[in-house]
Amino acid sequence: MNPSEQIDQAIDALADWRGEMLARVRRCIVGADPEIVEDWKWMGSPAWSRDGLIAVGNAHKAKIKLTFAYGAHLPDPDGLFNGQDNGKTRRSIDIFEGDALNAAALQTLVRAAISYNLANLKKNASKRATVDKAK
């Protein structure tokens, strides 16, 4: 089974509001950029990346948690980050039953994460050099 099929299966297994919300979050993320890749990490977590990890989504008992790998480095003008993580790297969005999903703001955050990955991750240094030469 490929990662997208595993994510489909995980969403289908959530028979309550969390399944629909995780599906909506997923649509927002993959809709933000056509080069986003879905993955299945850490024995059961949907993950999305482009030129590095963007975010991991998990269904908890009472919430959906969307953790951005480099969220502490991203602008968040819409105040989506509301999780309890206060470290130097990650930030998360906790979505509870009845919460609205600001799809436009989420896509803006995803695009900021992609920009961060391209500009700051060592594995993308050759891509940056190619872009700089083209300018």
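Note: relative contact order over the chain, using C-alpha pairs below 8 Å and six or more positions apart, is 20 percent.
The listed residues TYR70, TYR116 rank as TYR70, TYR116 when sorted by accessible area, largest first, using a 1.4 Å probe. Taking Lys and Arg as +1 and Asp and Glu as -1, the other residues whose beta-carbon sits under 14 Å from that of GLN6 total -3. The lysine pair tally for the chain, using Cα distances under 21 Å and a gap of 8 or more places or different chains, is 12.
With the simple spin-label model, which puts each label point 7 Å out from Cα in the Cβ direction, the ALA105 to LYS123 separation comes to 3.0 nm.
With angles folded into 0 to 90 degrees, how steeply does helix 125-134 sit against the dominant principal axis of the chain? Use alpha carbons for both and round to 10. The two axes meet at around 60 degrees.
Among the trypsin sites (Lys or Arg not before Pro) found in the stretch 42-105, those both in a DSSP coil and sparsely packed, with 12 or fewer other Cβ atoms within 10 Å of their Cβ, are LYS61, LYS88.
Summing Lys, Arg as +1 and Asp, Glu as -1, what charge do residues with Cβ under 12 Å from the Cβ of GLY83 carry, GLY83 excluded? Display every interim value, and only then the final one.
Details: positive: LYS63, LYS65, ARG90, ARG91; negative: ASP76, ASP85, ASP94.
My count for the surroundings of GLY83 gives +1.
Relative to the dominant Cα principal axis of the chain, helix 103-120 is inclined by about 40°. The Cα-based radius of gyration and maximum Cα-Cα distance (Dmax) for the chain are 15.1, 51 Å.
Remark: the stretch 15-22, residue by residue, has Karplus-estimated 3J(HN,Hα) of 7, 10, 4, 5, x, 5, 5, 4 Hz, where x stands for each Gly or Pro and the curve is 6.51 cos²θ - 1.76 cosθ + 1.60 at θ = phi - 60°.
The values are calculated or read from the model by the stated rules, or taken from the named source; none is laboratory data. Everything numeric in this text was worked out from a predicted model, so none of it was measured. Positions of Cβ are generated from backbone atoms using ideal geometry, with glycine treated the same way; all protein chains shown enter the neighbour counts. Heavy atoms of the whole protein, side chains included, go into the accessibility calculation; ligands, DNA and RNA do not. Shrake-Rupley method; radii C 1.70, N 1.55, O 1.52, S 1.80 Å.
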